[in-house]
Amino acid sequence: MNHLIDNVPINTETIDRIKLEEKSGKNIYESICILEKISQVISNDLKKDLDKKLEEFNVLTKNNLEEIFENKEQIELSKFYEKLPKSTSISIQYLLNEKIKIRV
């Protein structure tokens, strides 16, 4: 989970537009477009990671197609991913914490 940051807010927060512009060196429209692209990359990485972990459960259940059961580990894994902050929040926090740099 290389996209996780401890201080990324889970709930929606208002962010100062001027602060975003200062950190990115771009106007707000360009900043949002760049953050959206970064957010897509983060989202795709998280999806690949989740799919990879869920594939392990698929291999286990393919042997017993007749038996359908609840796997507690699988449920906990799904809950963990549901509780993660949105990829847009992660990308904004990356910019604010200067973990990414936008070329001017």
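Among the residues of region 86-101, which ones are over 17 Å from Arg17 (Cβ atoms) and buried (at least 18 other Cβ atoms within 10 Å of the Cβ)?
Step one: filter region 86-101 for residues over 17 Å from Arg17 (Cβ atoms), giving 86-87, 90, 94, 97-101.
Scanning region 86-101 gives Ser87, Ile90, Tyr94.
Quick one: Tyr29 ticks every box in (1) part of a helix (DSSP H, G or I); (2) under 12 Å from the mean Cα position of the chain (by Cα) bar one, so which box is it?
(2)
Filter region 14-26 down to the residues that are without any contact (Cβ under 8 Å) to a residue 40 or more places away in the chain and in a loop (DSSP other than H, G, I, E, B) and list them by number.
Thr14, Asp16
Could you tell me which numbered condition Val8 fails, if it satisfies all but one of (1) hydrophobic (A, V, I, L, M, F, W, C); (2) within 15 Å of Ile100 (Cα to Cα); (3) modelled with pLDDT of 90 or more?
(3)
Anything in region 73-104 that is aliphatic (A, V, I, L, M) and part of a helix (DSSP H, G or I)? List them, or say none.
Step one: list which residues in region 73-104 are aliphatic (A, V, I, L, M), which gives 75, 77, 84, 90, 92, 95-96, 100, 102, 104.
Result: Ile75, Leu77, Ile90, Ile92, Leu95, Leu96.
Please work out which residue is nearest to the chain's Cα centre (by Cα), limiting yourself to region 44-68 and to residues that are modelled with pLDDT of 60 or more and among the hydrophobic types (A, V, I, L, M, F, W, C).
The first filter runs over region 44-68 and keeps only residues modelled with pLDDT of 60 or more, leaving 44-59.
Then drop every residue that is not among the hydrophobic types (A, V, I, L, M, F, W, C), which leaves 46, 50, 54, 57, 59.
Values: Leu46: 6, Leu50: 11, Leu54: 17, Phe57: 22, Val59: 26 Å.
Only one residue fits best here, namely Leu46.
If we keep just the residues of region 11-29 that are under 19 Å from Ser87 (Cβ atoms) and out of contact with any Leu (no Cβ under 8 Å at 6 or more places or on another chain), which is modelled with the highest pLDDT?
Looking at residues that are under 19 Å from Ser87 (Cβ atoms) and out of contact with any Leu (no Cβ under 8 Å at 6 or more places or on another chain), I get Thr14.
With respect to Ile38, is the statement that it is at pLDDT 90 or above, surrounded by 14 or more Cβ atoms within 10 Å (Cβ to Cβ) and part of a helix (DSSP H, G or I) true?
Numbers: at pLDDT 90 or above: yes; surrounded by 14 or more Cβ atoms within 10 Å (Cβ to Cβ): yes; part of a helix (DSSP H, G or I): yes.
Yes.
The values are calculated or read from the model by the stated rules, or taken from the named source; none is laboratory data. What you see is a predicted model, and the numbers here were worked out from it, not measured in a lab. Glycine also receives a Cβ, built like all others from the backbone with ideal geometry; neighbour counts cover every protein chain displayed.
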